[in-house]
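The values are calculated or read from the model by the stated rules, or taken from the named source; none is laboratory data. Note that the coordinates shown come from a computational prediction; the quantities given were computed from them, not determined experimentally. Note: ideal-geometry Cβ built from the backbone for every residue, glycine included; neighbour counts use all protein chains shown. In case anyone asks, the SASA skips ligands and DNA or RNA and just uses the protein heavy atoms, side chains included. Shrake-Rupley method; radii C 1.70, N 1.55, O 1.52, S 1.80 Å.
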Amino acid sequence: MENTTIYHEIDFLLPAQRFNINFSYITQKGLPFVREFVLRLIHLAPMSMSQVATFFGFSRKEVQEAIDDLVERGELTLSENGRLTLTEKSSGYFTELGEVPRLSLLRDSTACLSFDLASFSCLGKDNSSEKWKAGLSIKVDDENASCSETHVEKHFQRQFHEILQKGFLSRSLTQDEKDSPNVYTVNSVNKIKQMPVRLPVQFKVDEDGRSVEREDFERLKSSDYVHEQISLELDRLARPSNFGELAKAMLDIGDGETLKLFDSKGSSVSPQFFEELTKLESNSQKKRATFIGPIYSSANWELLQKHLAPIIKARRESKADVAPTPFLWVAPSDPYWGKSSNLQVRVSELLDKASTKDRKLYLPTIFLPVSGPEDQKTAREWKRAFEPNTDKVHGLIEGFLGGNVEVLHFEGEFVIVVYHVSLPDSYPVSFPIGFISADKDVVSSVGRLVTTYLEGSSGFERPNNCGLLSRFGRNE
């Protein structure tokens, strides 16, 4: 759809299973040239051996060899009047007069294929190692999982030609271009393992800021049931409007620009206001760029790279021995934050570029929200999501700027602020909107807010910074 803006990207994890399927199929084989055309000729009308020789221009020896071969195969016989006619066997090769004869063969084969547990669409041969992390899990009926082998037997037969056309089955089934195999029977279906299939979803608004209907999934034969389950999960995670809290956070940060993107009631975001603001920023001397969507989306990550890449380049080329600069990433308490494989790619990228073989260029640290140092359940979930980078991940007692604001602060260089706006009457998921700034005053003022919270506490002997998540639960 034209004139739409992507405001969030979330991965949904749909249960799928992999199966070993044993089946029999009938293949309609074409015949060798001479054999085919002799049978086609005699199918039109019984003939003598000399008439066959005359028609094809065969010598007596050649026609004798051809006819003997067909008689031995049980495909030709002599009638009482001495003419060659088709047998019952070879008559079965034809359904209409003059058509190409097809020879039916019954063969066995096996396939290892994956099917989702919602629509039971065949997902192919891919032996996915996908883990249940960085996404929102979709629930399906328990019966779909418990009786999956029965369902797959039925859907394999229904989807056989489509599965064949997509190249998911053995090449031996289609090695002859004249082959037209059909499944005869499914002998057995055995479940091998269960895994998720990742379904990325883009949430969009139109030019008036209204939510746009989600698109269907190309990989699935039907998306209706999956969309229903997604809606149920989003309803479960729905939170009340936090516009008032965010307006206060914007005042604390000293950000009067982002507030202009909302309508007078604070009930929706205006893409038109956003376009106007970005045009003003591009022509302004202010080192600021406003964006919509999570910072780890492809387009917004390019904004970060425009600031980070020159810094990395300069520090790699510099011979001065300078202490590495802190680069802090404070995550929000938002149920949709990080629910995308994109986040882990970006985190790995930041960590990999933080140092060279002989020195560190900056010190990246990620702070993730927990209710306290005893919150081992949340810590386990974060550790699973951030493997294998848990040595750079800290727990932070939630509440920084109301828990609705995400900050990436590169000391002395640039800062990124993302507001995760919850407007349930207008949008099904939170609406991330933020800015990146290299203005020294903005960088330092936001940096002070972050530092103050990191060094503060939520109570007696309860520092906000809970330390490395990898140490949660240890008695140290």
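A few points about this structure:
- Note on the range 122-148: among residues that are out of contact with any Leu (no Cβ under 7 Å at 6 or more places or on another chain), touching a residue at least 12 places away in the same chain (Cβ under 8 Å) and charged (D, E, K, R), the one that is least open to solvent (accessible area, probe 1.4 Å) is LYS133.
- Residue in the range 304-314 that is under 17 Å from GLU413 (Cα atoms), β-branched (Val, Ile, Thr) and either without any contact (Cβ under 8 Å) to a residue 60 or more places away in the chain or open to solvent by 80 Å² or more (accessible area, probe 1.4 Å) (or both) present: yes
Conditions tested, residue by residue: (1) open to solvent by 90 Å² or more (accessible area, probe 1.4 Å); (2) without any contact (Cβ under 8 Å) to a residue 60 or more places away in the chain; (3) within 30 Å of ARG107 (Cβ to Cβ).
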{"residue": "VAL183", "(1), (2), (3)": "no, no, yes"}
{"residue": "VAL186", "(1), (2), (3)": "no, no, yes"}
{"residue": "GLY209", "(1), (2), (3)": "no, no, no"}
{"residue": "MET250", "(1), (2), (3)": "no, no, no"}
{"residue": "LEU259", "(1), (2), (3)": "no, yes, no"}
{"residue": "SER270", "(1), (2), (3)": "no, no, no"}
{"residue": "LYS279", "(1), (2), (3)": "yes, yes, no"}
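- Where a residue in the range 318-344 is closer than 21 Å to GLU387 by Cβ and open to solvent by 20 Å² or more (accessible area, probe 1.4 Å) and its partner, wherever it lies, is of a type in the set (Phe, Trp, Tyr) and assigned to a loop (DSSP other than H, G, I, E, B), with Cβ under 8 Å and at least six apart: ASN342/TYR296
- Residue in the range 64-74 that is in contact (Cβ under 8 Å) with a residue 60 or more places away in the chain, in a helix (DSSP H, G or I), hydrophobic (A, V, I, L, M, F, W, C) and surrounded by 17 or more Cβ atoms within 10 Å (Cβ to Cβ) present: no
- The one condition from (1) open to solvent by 70 Å² or more (accessible area, probe 1.4 Å); (2) part of a strand (DSSP E or B) that PHE55 does not meet is (2).
- Members of the range 450-462 found to be in contact (Cβ under 8 Å) with a residue 12 or more places away in the chain and either out of contact with any Phe, Trp or Tyr (no Cβ under 8 Å at 6 or more places or on another chain) or exposed (fewer than 13 other Cβ atoms within 10 Å of the Cβ) (or both), listed by number: SER458, ARG462
- Residues of the range 383-400 that turn out to be part of a helix (DSSP H, G or I) and at pLDDT 95 or above, as a count: 1
- Exclusive hit being at pLDDT below 95 and not in a loop (DSSP other than H, G, I, E, B), set GLY467, GLY447, GLY473: GLY467
- Where TYR25 falls short, out of the listed (1) assigned to a helix (DSSP H, G or I); (2) open to solvent by less than 50 Å² (accessible area, probe 1.4 Å): (1)
- The set of residues in the range 97-118 that are among the acidic types (Asp, Glu), open to solvent by 20 Å² or more (accessible area, probe 1.4 Å) and modelled with pLDDT of 80 or more contains only ASP108.
- Scan the range 221-241 for residues that are in a loop (DSSP other than H, G, I, E, B) and in contact with a Phe, Trp or Tyr (Cβ under 9 Å, 6 or more places away or on another chain) and the total you get is 2.
- Checking the range 358-373 against the condition returns a match, with at least one residue being open to solvent by less than 60 Å² (accessible area, probe 1.4 Å) and in contact with an Asp or Glu (Cβ under 6 Å, 6 or more places away or on another chain).
- Hits in the range 424-434 - residues which are open to solvent by less than 10 Å² (accessible area, probe 1.4 Å) and not β-branched (Val, Ile, Thr): TYR427, SER430, PHE431, PRO432, GLY434
- When each of ASP425, ASP441 is tested for being in a loop (DSSP other than H, G, I, E, B), over 27 Å from the mean Cα position of the chain (by Cα) and closer than 30 Å to LYS279 by Cβ, the lone residue that passes is ASP425.
- Given (1) more than 25 Å from the chain's Cα centre (by Cα); (2) open to solvent by 20 Å² or more (accessible area, probe 1.4 Å); (3) over 21 Å from LEU261 (Cβ atoms), index of the condition ASN389 fails: (1)
- Listed here are the helices (runs of 4 or more DSSP H) enclosed by the range 258-363 that have at least 3 residues being closer than 24 Å to SER422 by Cβ, under 30 Å from the mean Cα position of the chain (by Cα) and of a type in the set (A, V, I, L, M, F, W, C): 298-317.
- Candidates SER119, SER114, SER90: the one that is of a type in the set (Gly, Ala, Ser) and either free of Cβ contacts under 8 Å to residues at least 12 places away in the same chain or assigned to a strand (DSSP E or B) (or both) is SER114.
- Here GLU130, GLU177 are screened, and the one residue that is at pLDDT below 80, touching a Pro at 6+ places or on another chain (Cβ under 8 Å) and not in a strand (DSSP E or B) is GLU130.
- Residues that are open to solvent by 50 Å² or more (accessible area, probe 1.4 Å) and touching a Phe, Trp or Tyr at 6+ places or on another chain (Cβ under 9 Å) within the range 188-201 comprise ASN190, LYS191, ILE192, PRO200, listed in sequence order.
- Criterion violated by GLU9 - all others in (1) within 59 Å of the chain's Cα centre (by Cα); (2) of a type in the set (Asp, Glu); (3) open to solvent by 30 Å² or more (accessible area, probe 1.4 Å); (4) farther than 30 Å from PHE203 by Cβ satisfied: (4)
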